[in-house]
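I have placed the structure first, in the form of structure tokens, so that the comments after it can refer back to it.
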Amino acid sequence: MTFQQPSLDTSPKVSDEVRKTTCYMCACRCGINVHMKDGKVAYIEGNRDHPVNKGVLCAKGSAGIMQVNAPSRLRTPLKRVGPRGSGEFEEISWDEALQIAADWLEPIRRDNPEKLAFFTGRDQSQSFTSFWAQNYGTPNYAAHGGFCSVNMAAAGIYTMGGAFWEFGQPDWDRTQLFMLFGVAEDHDSNPIKMGIGKVKANGGRVIGVNPIRTGYNAVADDWVGITPGTDGLFILALVHELLRAGKVDFDYLARYTNAPVLLDAETGLFLRDDNDKPLVIDRNTGDLAPFDKPGIRPDLRGTSGPHRAVFYQLIERYLSPDYAPEAVAERCGIPAPRIGAIAAELARVAFDQAFTLPIEWTDFRGETHPTMTGRPVSFHAMRGISAHANGFQTCRALHMLQILLGTVEVPGGFRFKPPYPKPVEAHPTPHCHAKPDCPLDGPHLGFPRGPEGLALKDDGSPARIDKAFTWENPMSAHGLMHMVISNAHAGDPYKIDTLFLYMANMAWNSSMNTKAVTEMLTDTDDDGNYVIPRIIYSDAYSSEMVAFADLILPDTTYLERHDCISLLDRPICEAEAAADAIRWPVIEPDRDVRGFQTVLIQLANKLKLPGFTTDDGTARYADYADYITNHERKPGIGPLAGWRTAPEGSGVGGSPARGAATGRGSPNPDQIDTYIENGGFFIHHIPEAAQFYKPWNSAYQNWAVDLGLYDTPQPYLFQLYSEPMRHFQRAAEGHGDRQPPAHLRDRVRTHMDPLPYWYESNAREGEFTITALTQRPMAMYHSWGTQNAWLRQIHGRNPLYIPQKLWDTHGFAEGDWARVSSPHGSITVPVALHGGLNDNTVWTWNAIGKRKGAWALSDDAPEATKGFLLNHLIGELLPPKGDGLRWSNSDPITGQAAWFDLKVKIEKTAPPADAETKPGFDPQHSPVGKGPQDLAWKVGK
Ligand code: SF4
């Protein structure tokens, strides 16, 4: 018997055209193929040729189609007409919006540029926004690193000239043991998923250290459910065990680190020669020698009179019984035998599974090595271990661990991505001297080498509104965005006039305490004027922050704009190649919006900012695409490294050859078009002999100079002992012209320890004994996903996850609710049991909860009724200590927000009568209205 089969088109036409650009649904910057049908986006897939994702696309990436069609998109510039926070706006033209902004910004620049605070959130154009702020002249600029993961970045730069994520990656093809600590799943999403797949396919193992077993930890071979905030203690116990067993790479330490550098017995600074080079003892001669002298063999056991090598201090500290597994086990929540077993496993894989590659290379001392030694152990970590008030020293400890194993920049280990490695000396120091009508005296952010690098005024007061680079947080390399609003509100260290924010939802999940911050944004003085007089905000979406601004400059979505993922900034490099990428308008906006970077250029042109204005007073750049093409940071070096113009004589008839130069070259007017023709990215491979040992490999150093990453070769030693920290510590001991104030002297002396150490940052506060954490879901990127019609079906609400022990103690059952309290407030939320969780930790997904009225969601949307934030329990400031001072809830070295030090109390409670999470907030008026009940359309026939 036969059936009548329906006639189906099993291979419908997907698209008329494919446009290749860069995803921006999270920070990974994968390559995407955007399929177009009738001029509209029909489908998004991964770009198989792209170095980051090699065709892999995640749920977020494919849902980009709903992001560019989201009802929450802002549609036109807005001027506030109701009270701040109400969300009542009047639609205005771009001419009027730009004129209002220029009328506010021009007098500030003329009189006192520090009255402008310009901070950006998930900005991927920081080399541009910082250039704008520098030319404006305000010292008050930073992006969001201060409340994200600056501890990881800064500890990496100060210790080894780079860190994880965009700074480097494991040698995924060869690593056999991959250990990751506290990683958010959305931030290095596709590359880590692909990497873990490779490790497992190659027979390797994955160890996940995280209080919460989800995501990468759920697929780890071993899960270590550590007590939050004790990662540093656990790592130093591993160091203790490795040193005790003699399982460290002595040859690597002697050659490539400052372990053999001699410390002056009196000052604790390096002994140096007349050329300021640190000195070691040469094992060949027994004599003092500069560390980089050709032919020497630095001695780890070197001494000269009372002066001893760094290695002595290291041994003495970490062999202390204080770091023995038995001494730390209870605090870490990891049994001592398990700590010992993990140390043994690290040693076994690093040394017993060592291998060599037959690749000859020459080091910076001129010695040629016939092979490269592989140690197939690699690590990765991010915000989980860094967002504590002991995060910087913890991150330093982790970098020290991988260096002791000799597994950085070797086959099978962790490797840097260009433009890293870069020694701290190759980075700028902070600049902060603002003068009326002048650009700033240099880049805002940088890496101080000692007290002289602090951003202080002549009277010793903070030069920056966020108090970055002060004695409170001397090495705050990314600024302290989380302190801007509370400091501006308090007028501490001074009052500002205009707060200018981009892509930073400070009135909701991007502030530590949402309620307190919104009160500061709406607070008025005795005359009825807002305490923060003016707020300008740019975003693509109607986020909670929009209602609190006076002027809204609506941004485009990522498929409607030019962008540049630049080697000057955070490029898309791999360990074997330099690479950068663009975004370009694959669709034109259907609203009256403009890319924020172009708006900044239009404002710069109105204000005639130097750097944006030619000598004859005309505008240097018409828009951001023009800037990307023609800007030169220094002669021959621009935002994009690919397809630059070669010198005179290189082309036909002696003309300069367009597109023929890589890295160094003059601007090429066809550059963006060439990127588009080549899939939206540029890649330049590192020669094989230069792919490992990069900080010390002459072939890599020369390659980097040719490409324009350095001006001269910059070989350097890994800094197990941090001399810049010792400079700060000495100031606290009473040395030098710049010394900390009396109330910070002990704190600076203790925390600026030049060798990593652990201290309790997450102590119980009275009845608040349980650690409460947030995680970002893999399917969403911060708050962006919750307005995305596809992604909100994955996470539309968020319970508080509770471990079995606390679940039983409190007698919770499915469907129950809890009141969760901290010294800063309380929330009432639904609970759920999670078996894979540290016994004394609760957690929830970050930024699922939304305020009614925001993001074009209906008032009864699950995000607004069943979702919630932990932010109501956290404070920008620590509870008062009775000394009259405002103490920031931050790491004392970098100022990183200590999100994960939150301690709470939980109590079972009846569900609220309206079954909605508490606290509730009054609905905001939505400037974009509400989204339709059903969102449906068909592209093409
Ligand atoms: S990992 Fe991030 S950048 Fe890559 S496809 Fe997913 S959302 Fe896009």
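Here are the numbers for the structure shown:
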quantity	calculated
Selection within the stretch 228-255 - open to solvent by less than 30 Å² (accessible area, probe 1.4 Å) and part of a loop (DSSP other than H, G, I, E, B)	Pro228, Gly229, Thr230, Val248, Asp249
Filter result for Gly31 (in contact with a His (Cβ under 6 Å, 6 or more places away or on another chain), within 16 Å of the ligand (Cβ to nearest atom) and either within 22 Å of Arg792 (Cα to Cα) or not assigned by TED's automatic domain parsing to the domain that holds Leu501 (or both))	yes
Which numbered condition Asp670 fails, given (1) in contact (Cβ under 8 Å) with a residue 40 or more places away in the chain; (2) over 30 Å from Ala163 (Cβ atoms); (3) among the charged types (D, E, K, R)	(1)
Subset of the stretch 446-458 (residues that are at pLDDT 95 or above and assigned to a loop (DSSP other than H, G, I, E, B))	Gly446, Phe447, Pro448, Arg449, Gly450, Leu454, Ala455, Lys457
Selected residue (only one of Lys54, Lys13, Lys79 is open to solvent by 50 Å² or more (accessible area, probe 1.4 Å), part of a loop (DSSP other than H, G, I, E, B) and farther than 28 Å from Ser566 by Cβ)	Lys13
Condition met for Asn69 (more than 16 Å from the ligand (Cβ to nearest atom) and part of a loop (DSSP other than H, G, I, E, B))	yes
Qualifying residue in the stretch 319-332 (condition: within 22 Å of Leu269 (Cα to Cα), at pLDDT 95 or above and not aliphatic (A, V, I, L, M))	no
Odd one out for Ile683, checked against (1) open to solvent by 10 Å² or more (accessible area, probe 1.4 Å); (2) within 30 Å of Glu648 (Cβ to Cβ); (3) in contact with a Lys or Arg (Cβ under 7 Å, 6 or more places away or on another chain)	(3)
Listing of helices (runs of 4 or more DSSP H) fully contained in the stretch 92-204 that carry 3 or more residues being within 12 Å of the chain's Cα centre (by Cα)	150-160
Test result for Ala102, more than 30 Å from Gln602 (Cα to Cα), open to solvent by less than 60 Å² (accessible area, probe 1.4 Å) and either away from the ligand (no atom under 16 Å from the Cβ) or without any contact (Cβ under 8 Å) to a residue 12 or more places away in the chain (or both)	no
Output for the stretch 348-364, where each listed residue is surrounded by 19 or more Cβ atoms within 10 Å (Cβ to Cβ) and part of a loop (DSSP other than H, G, I, E, B)	Phe364
Members of the stretch 889-916 found to be closer than 29 Å to Thr865 by Cβ, out of contact with any Cys (no Cβ under 9 Å at 6 or more places or on another chain) and among the small types (Gly, Ala, Ser), listed by number	Ala910, Ala913, Ala915
Count - residues of the stretch 173-193 that are more than 16 Å from the ligand (Cβ to nearest atom) and not hydroxyl-bearing (Ser, Thr, Tyr)	9
The listed residue being in the same structural domain as Leu404 (by TED's automatic domain parsing), part of a loop (DSSP other than H, G, I, E, B) and open to solvent by less than 10 Å² (accessible area, probe 1.4 Å), out of Ile339, Ile334	Ile334
Any hit, the stretch 35-42, residues being open to solvent by less than 10 Å² (accessible area, probe 1.4 Å) and near the ligand (Cβ under 8 Å from one of its atoms)	no
Residue in the stretch 476-488 that is open to solvent by 10 Å² or more (accessible area, probe 1.4 Å) and at pLDDT 95 or above present	no
Selection status of Asp437, free of Cβ contacts under 8 Å to residues at least 60 places away in the same chain, out of contact with any Cys (no Cβ under 9 Å at 6 or more places or on another chain) and either under 27 Å from Tyr693 (Cβ atoms) or in a loop (DSSP other than H, G, I, E, B) (or both)	no
Residue check for Ala581: farther than 26 Å from Cys28 by Cβ and touching a strand residue (DSSP E or B) at 6+ places or on another chain (Cβ under 6 Å)	no
Val831 vs. criteria hydrophobic (A, V, I, L, M, F, W, C) and in the same structural domain as Arg797 (by TED's automatic domain parsing)	yes
Residues being buried (at least 22 other Cβ atoms within 10 Å of the Cβ) and closer than 30 Å to Met372 by Cβ - total across the stretch 256-276	7
Scan of the stretch 531-571 for residues that are assigned to a loop (DSSP other than H, G, I, E, B), more than 21 Å from Asp590 (Cα to Cα) and not hydroxyl-bearing (Ser, Thr, Tyr), ordered by number	Val531, Ile532, Pro533, Ala549, Asp550, Leu567, Leu568, Asp569, Arg570, Pro571
Ser86 being more than 30 Å from the chain's Cα centre (by Cα) and either more than 16 Å from the ligand (Cβ to nearest atom) or of a type in the set (Phe, Trp, Tyr) (or both)	yes
The stretch 575-610, residues that are open to solvent by 10 Å² or more (accessible area, probe 1.4 Å), more than 21 Å from Arg19 (Cα to Cα) and either of a type in the set (Val, Ile, Thr) or outside any loop (DSSP other than H, G, I, E, B) (or both)	Val593, Thr598, Gln602, Asn605, Lys606, Leu607
Pairs, first small (Gly, Ala, Ser) in the stretch 175-201, second more than 14 Å from the ligand (Cβ to nearest atom) and in a helix (DSSP H, G or I), C-beta under 9 Å, six or more apart	Gly182/Asp231; Gly182/Arg383; Gly182/Gly384; Gly182/Ile385; Gly182/Ser386; Gly182/Phe900; Ala184/Arg383; Ala184/Gly384
So Leu720, is it assigned to a loop (DSSP other than H, G, I, E, B) and more than 30 Å from Leu870 (Cα to Cα)	yes
Search result, residues across the stretch 74-99 that are farther than 22 Å from Gln602 by Cα and touching a Phe, Trp or Tyr at 6+ places or on another chain (Cβ under 7 Å)	Val81, Arg84, Gly85
Any hit, the stretch 258-265, residues being in contact with a Leu (Cβ under 9 Å, 6 or more places away or on another chain), within 30 Å of Glu326 (Cβ to Cβ), at pLDDT 95 or above and in a loop (DSSP other than H, G, I, E, B)	yes
Output for the stretch 685-704, where each listed residue is in contact with a strand residue (DSSP E or B) (Cβ under 8 Å, 6 or more places away or on another chain) and among the polar types (S, T, N, Q)	Gln691, Asn697, Ser698
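The values are calculated or read from the model by the stated rules, or taken from the named source; none is laboratory data. These numbers were taken from a predicted model, which means no experiment stands behind them. Glycine gets a Cβ as well: all are built from the backbone with ideal geometry, and neighbour counts include every protein chain shown. Quick note on the areas: whole protein, heavy atoms, side chains included, nothing else; ligands and nucleic acids left out. Shrake-Rupley method; radii C 1.70, N 1.55, O 1.52, S 1.80 Å.
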